[in-house]
Amino acid sequence: MTTVQTPTPSTVLVTFTPTTTTTSSLLQRLELRVALWLIMRTARRQRPELNHAEQHRRRRNSAARARREQAALRAWCTQCMHH
């Protein structure tokens, strides 16, 4: 295996020269890892970006949920104090 730096700092070229059957299985494992990495990277990029309206809707729902939880807690505390 030989690593060659390219003119672009973010790019590295790696050259493999298999010599034995063990190197062949090592290459297969490396290929599988690279393939898995590429699949995971692609999956992360395919997350839909939320538009402004969707972000606002989610924030509004979250705030409403927090208000309901606070109201329920307040009601429970009030009820416990009167019994």
Does residue 57 satisfy being at negative phi and open to solvent by 100 Å² or more (accessible area, probe 1.4 Å)? no
Would you tally the residues in region 1-42 being hydrophobic (A, V, I, L, M, F, W, C) and modelled with pLDDT of 75 or more? 11
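The values are calculated or read from the model by the stated rules, or taken from the named source; none is laboratory data. These figures come from a predicted structure and were not determined experimentally. Keep in mind that these areas ignore ligands, DNA and RNA; they rest on the heavy atoms of the full protein, side chains included. Shrake-Rupley method; radii C 1.70, N 1.55, O 1.52, S 1.80 Å.
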